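The structure appears right after this line, and notes come after that.
The values are calculated or read from the model by the stated rules, or taken from the named source; none is laboratory data. As the structure is a computational prediction, the values presented were derived from the model and not from experiment. All Cβ positions, even for glycine, are placed from backbone atoms using ideal geometry, and neighbour counts span all protein chains on display. Side chains are part of the model used for accessible areas, which takes the heavy atoms of the whole protein and leaves out ligands, DNA and RNA. Shrake-Rupley method; radii C 1.70, N 1.55, O 1.52, S 1.80 Å.
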Amino acid sequence: GKNTIGVRIPDNEIALKILERYSYPLATTSVNITGEKDGTKIHDFINDFKSKVDIIIDGGETCEMPSTIVRVEEDNIIILRQGSLDVRNYR
């Protein structure tokens, strides 16, 4: 219900290679389900997603720390969730 968009910049070699093949952004969602523990291994995701997606790529174990989420308003960076990227170094 907000007039915003989210932009994900992955720190994952497989995701970056997929994105290099396309000249347009991909609309995706987070892999974790709201309120559930974040998964880190392929078996954490298979039961939840096997009937909902066309393909699941096993890229190995993921980082246990979630993504950093920020809101950018004019020249201000507002940290909504501190994760693996410390955005304070990017001002």
Roughly how many debye, to the nearest 20, is the charge dipole of the chain about its Cα centre, given +1 on each Lys and Arg Cβ, -1 on each Asp and Glu Cβ, and no other charges?
200 debye
Round to the nearest 0.05 the FRET efficiency obtained for Val87 and Val53 when R0 = 35 Å and r is the Cβ-Cβ distance.
0.75
Using a 1.4 angstrom probe with every protein chain in place, what is the largest-first accessible-area order of Glu73, Glu20?
Glu20, Glu73
Once the piece of chain linking Ile18 and Asn76 is laid out straight, how much longer is it, given 0.36 nm per residue of separation minus the C-alpha distance between them?
17.8 nm
Accessible area of the chain with a 1.4 Å probe: how many percent of it is carbon plus sulfur?
50 percent
Radius ratio Rg over Rh of the chain, counting only Cα atoms, Kirkwood formula for Rh:
0.97
Using r as the Cβ-Cβ distance of Glu61 and Arg8, and R0 as 25 Å, what FRET efficiency do you calculate, to the nearest 0.05?
0.85
